[in-house]
1. Every residue in region A:40-56 that is more than 9 Å from chain C (Cβ to nearest Cβ), surrounded by fewer than 19 Cβ atoms within 10 Å (Cβ to Cβ) and either touching a residue at least 24 places away in the same chain (Cβ under 8 Å) or assigned to a helix (DSSP H, G or I) (or both), please.
2. Kindly evaluate B:ASP99 against the criterion of being assigned to a helix (DSSP H, G or I) and of a type in the set (D, E, K, R).
3. Could you check how many residues of region B:38-86 are in contact (Cβ under 8 Å) with a residue 12 or more places away in the chain and either at the interface with chain C (Cβ under 9 Å from one of its Cβ atoms) or more than 38 Å from the chain's Cα centre (by Cα) (or both)?
4. Among (1) at pLDDT below 95; (2) in a helix (DSSP H, G or I); (3) away from chain B (no Cβ under 14 Å), there is one condition C:GLY398 misses while meeting the rest; what is its number?
5. Just to be sure, is C:ILE457 more than 13 Å from chain B (Cβ to nearest Cβ) and outside any helix (DSSP H, G or I)?
6. Answer yes if at least one residue in region B:627-647 is farther than 20 Å from C:CYS427 by Cα and in contact (Cβ under 8 Å) with a residue 60 or more places away in the chain, and no otherwise.
7. Enumerate the helices (runs of 4 or more DSSP H) found wholly within region B:228-338, keeping only those where 3 or more residues are more than 30 Å from B:THR355 (Cα to Cα).
Amino acid sequence: MQLLEPLEKDRSNLIKAIQMVQAEKGFISTQAIKEISDHFGIPVVEVEGVLSFYAQFKRSKPGKYKIAVCDGTACHIKGSSRVKNWLVEELKIDDGETTEDGLFSMETVACLGCCSLAPVVSINGKVYGNLNRKKLLKIIKDYKNRGDN
Amino acid sequence: MAKVNLRIDEKEITAEEGQTILEVAEDNGISIPTLCYHEQLSTSTSCFLCMVKDKKTGNYIPSCSSKITDGMDIEATSDDIFEMRKTALNLLLSEHSGDCEAPCTMACPAGIQIEDYLRAARKGDFLEALKIIKERLPLPMSIGRVCPRFCEEDCRRNVIDDQAVNINDVKRFAADLHYEDYLEDLPKLGNKKIAIVGAGPAGYTVAYYLRLKGIKSDLFDMMPKPGGMLRYGIPEYRLPKDVLDTELAHFEKMGGIDVYCNQKLGEDVKLDQLKEDYDAVVLTIGSWCSRSMRTEGEELAVGGIDYLEELGRQGWSGDDPGETIIVGGGNTAMDCARSTVRLTKQDVYVYYRRTEKQMPADQIELIEAQEEAVKFKFLTQPIKLRKENGRLILTCIKMELGEKDASGRRKPIPIEGSEFEVEADTVIAAIGQSTDAPEGVLTNRWGDVDAQDDNYLVEGNLFSAGDCVTGPATVVEAIGAGRETANSVAAFLKGKEYKRDYNINVSRGHWQSLSKDDLVLIKEPVERKRAELEYISDKQRTNSFKETNKTLTEEEVKKEAERCIECSCSYKEDCKLKDYSEEYKAHPEAMVGEKIRFDYDMRHPEIIRDPGKCIKCEACIKVCKEVVNKYLLEFKERGYYTRVGTELEKPLPVDCKDCGECIEVCPVGALDWKEKKR
Amino acid sequence: MIKRIKVGMASCGIAAGASEVKKFLQQNIDDENIEIIEVGCIGHCYAEPLVEVETEKTSIFFDQVEPTEEYLEKILSVDKNSAMTFRDERVSREKLKVTRLAGRIDPVSFDEYIEHGGYQSLEKARKMQPEEIIKEVKTSGLRGRGGGGFPTGLKWSFLAAKEAEKKILICNADEGDPGAFMDRSMMESVPHQVLEGMLIAALATGATELFIYARAEYPLAVKNINKAIDQIYEHKVNVFDDRVIDITVKEGAGAFVCGEETAMIHSLEGNRGNPRFRPPYPTDEGYKGYPTLINNVESFSNVPIVIKEGGKKYAELGTENSKGTKLFALAGDLKYAGLVEVPMGLTIGEVVYDIGGAQRGEVKAVQIGGPSGGCIPAEHFDVPIDYDSLESLGAIMGSGGLIVIGSNRCMVETARYFLEFTTKESCGKCTFCRIGTKRMLETLEKITKGEGSMDDIEFLEDLGPKVIEASLCGLGQTAPNPVLSTLRYFKDEYLAHVKDKHCPALQCNDLVDIFLDQETCIECRQCIKNCPVDAISDDFVVDNDICTRCNTCVEVCPVDAISRVKRGEKNG
């Protein structure tokens, strides 16, 4: 894989390699696993073992807008489970799923580190804090209006 | 190499530096359990069964990974450690899925290894089949005819096509075929001798298994011929007495089992004397007293078991009893009704106070009785019996179902004003039986002999088993108890305390709660309907006491045995989790929680992978990587959802059939050969 | 005369809208003499977005700045009346040493760090013998700030004593505790201070290869620390007399267990992050087999201070066995959430009430140490914060997450939440952690659903200590702490769930109904309009069979006519 060319073929770069592929493609395809395995000269099953250990890595294509619902302690006590439910109701997807139109995917994550703004979600890395239902639905609506562009 | 001094379980030990506590303990005869440690593999430190306590810090440490140090003081055996290991095993059992034992074997009161004998039968090796059966059951010809087939009720074949394997008729065939030319390996007889009072199924079973241990016994029976309930309770058409004679003759052939008939306890033989004359005495006197109807005029009715006994004494013949009403809904009521059908041309009725569905009689008995034109009246309760003009007049009342009672069944309650009268020549009260316990013997609140649950001991050197302990039950239950009693008596004779084996059974559940996808099928089930017995003509059935059905043919039996889907764990003989769980008294239900449903993998021609059994010890992964130098397996996912996976979930390479190292190191059969070993 | 305008642009600031504020200021201030720069976090996260205006003489802060003309004017006029006030309750108790520069300087300006005395400690250390450096650290009494509290100087001496071709130093920046953001803040705000500490440690121990293992969820922290590394390479700060030090940032990939040192090493090597049995300890056999030392961000951030002040001076602050300051990430049910730095020995109450502004009487407990820690009830808030006192209460110092739990929170649910986290994060290697935590979690779920029994409580009390005793690594050894500490201090809440099927805090949804009091109701229909599942009828009755207990109606009701009540208590 061209993307991995600059990366030294040292085993310790394996996670870095998977991260690079995911940053590029959004997820790790079977083909990518094979190519990573080739790059480092390690068995495919070993690559699978490593990538499936870490929560960061996705084996399926995520939505255009990746929503991360923070379930860190502060967010949790400020009602992150409700935030999640609002999204479940609005988007009709559950944790780890992608909407049919491929626009949104959602997952709950451990702390985003913005505890003072709890509850928070991040969408493609941008953090939205001090959420209530109305505010959240407005944010989702804005993304929907942006649509596929 | 430097030497290190340490203590394990108070024992002073000198060992080589660099060794682990586990290695040193083993070298010094201190056994420490482990599921994940293998000498040829790097340590995984996963199972935590090998925990020991560092007495200096009070910490529990895994002995497989902890290197010895000078002055170490280790506790490897103690109540605390036992408890921790037990907890580890309980945890592992709570995520482990499988079936240690087949449900048929679990259901069988005698615990026969049914899958094994079906496998032998399938191959046509009926002598082997009989041998397997007789490890648990000494009366297969009789049981092959009269067993209520608890095994078939729980048979997983039901999941495939709603028809259990016809297990009992395979047994009947094997027994009929080889009974006369089969003889066990018999040890020499010793000088111990026990007395058994009651030569029924329980008594014979005790004698049989004691004989296999070289212990003699004398059987005493009050009836003119031996066999107990088999001869005098079960009618000829179900169990021909010439078959019984053949079966009982075998005991004589074995030597060391002597039977004395017409010996009534309390008259011809005295219990105290027996206790003195013999090393031990076993009471297996059955449960022979008819319970009365507790209604006015009850003395005018014949007791069910008395009625059968009388027919039995007359060689299963008798006078025409005329129009007959049998009161009761159990197997004795069915035996009475069906016997009466064979003696009279007049109507035979069964009156039962609950509904058909609630009848305690076996389903097959009810069906066959109906086929033989026995007439049933349900929700009918007799309240009075009187005699007028030589005929009996039975007053009954109609019942309806009310609230559930203690047995969980809806209780029948009389409908006011619904009394009616019926006439009959004979009324038989087959309400139930009780035990006539000999004087001076401890009894429980039901009047049955009070033997201890775990060792069948009554007191001193007196033991008891069978119906006289449990109340009226099935023959196969009496046999199960008889075998354990023999073990208990044998232990007693050696001066040892008898402890029933502690066996665990992990189960995927009853077939009713399972679908085909829940089963692990090591081969595609054959598509075949259950083989059923051929019956003699209806006319023959109602005219005579001739046996109602014929034994299956050899071809039928072989094919029927193929229907077994072999649902027990293929690895049960080798399973270390099972062995340790039994040693540490762990229990599969001690901790209940989610069990992940993994698909099993049959795609390799010779190897099955069943990840539901896996305990994540990592041994398969390590042996493949470190010893075989392949890298075909690896953990995937993490935490509770960790599993062993293959490359892109593909099947293992075909070449793996020549290696099998992973199967060798697997403690639980998550990897196994498809072909069963036995 | 305004010299500079500093916009707090750490993650918390950005989340509160600091980017918009900065953009607005840039667009609307065209005075070339006014420099607008991004700074990190001063710890007052509740006040974000924060803007500091620096003049020749002084500097003032504006809090909760909006991108509007109004704020622009206040800022440009340096309007002291609109300035943020720093509450004395907090200022008098805080002791800003480690975070002295956080939020005050441009995090990625090498020069500014130098201007503020940066890398002077490193210079001082270069003139010292390695054993002298270690001696100072030992004298300072500095203990690991990552959780365990192992004496830092002692750990260093282990690595220093090793003869090896390579020695490895790892900075643990895998701050995975939910509710903790001390390390993030330090890396975002003063990355050079972390690096300076690491370089001093390298001098002292002879380490040649340095790694920073950072959470992947901290993009800004990773960006800033990478920039800082480039800068020290450029200025050759990493060139020692005898060797050149390599520093590499490695991003984790979402596994809490990788905060455990052997798991972290496996992860750095490119493996699954499974911990392994110790010994051998990493200082004997670590990354790729080389002797390896791991300290966390906060520990390293303390090092320049120790060297600058000298160990003896450093040790003057704190308690007998806990020296210096500690950073806490304050969050939960309190007014002033944020990052605080307090001297060891301050009481929990001072942090919660005085600094955090939580209301006395409205706080039930604090959770210190994240999911590995324990709950400490309000009646013990007079206890000083130090390693030993916290441990005696069943909590741990941990990395410094401090969550205030208000009296309206259910402690069983809180314990369930923490255990759910650790259960998900268990690597799955050992029996007690993999299955034990799962069974405990299932039991807690049963209890919060009102399906629990006394046997279940006994089960937790029995299994919890066993999981602690028989787990390989810190994750399993601490996972039952939140359960056991809540059982210790809040057993009555467990009993209420089990015996009365009642959640006293009315938090557990399965044990709660929503009740609309028609007496109070003004029929504004806000609840009906906002109910996502149409559970409220036109005549203002809540159908609790349809209701998902989402609480929207409770929140939108202007007259508080809707409340959570005990299940089955009202509504029939």
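1. Within region A:40-56, A:GLY41 is the sole residue that qualifies.
2. no
3. 32
4. With (1) at pLDDT below 95; (2) in a helix (DSSP H, G or I); (3) away from chain B (no Cβ under 14 Å) applied to C:GLY398, the lone miss is (2).
5. Against the criterion (more than 13 Å from chain B (Cβ to nearest Cβ) and outside any helix (DSSP H, G or I)), C:ILE457 does not qualify.
6. yes
7. By residue number, B:241-254, B:271-277.
To keep it simple, each residue is scored yes or no on (1) β-branched (Val, Ile, Thr); (2) assigned to a loop (DSSP other than H, G, I, E, B).
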site: B:GLU421; (1), (2): no, no
site: B:VAL427; (1), (2): yes, no
site: B:VAL441; (1), (2): yes, yes
site: B:ARG445; (1), (2): no, yes
site: B:ALA451; (1), (2): no, yes
site: B:ASN455; (1), (2): no, yes
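The values are calculated or read from the model by the stated rules, or taken from the named source; none is laboratory data. If you're wondering where the values come from, they're calculated on a predicted model, not measured in any experiment. Cβ coordinates were reconstructed from backbone atoms using ideal geometry, including for glycine residues, and neighbour counts include every protein chain displayed.
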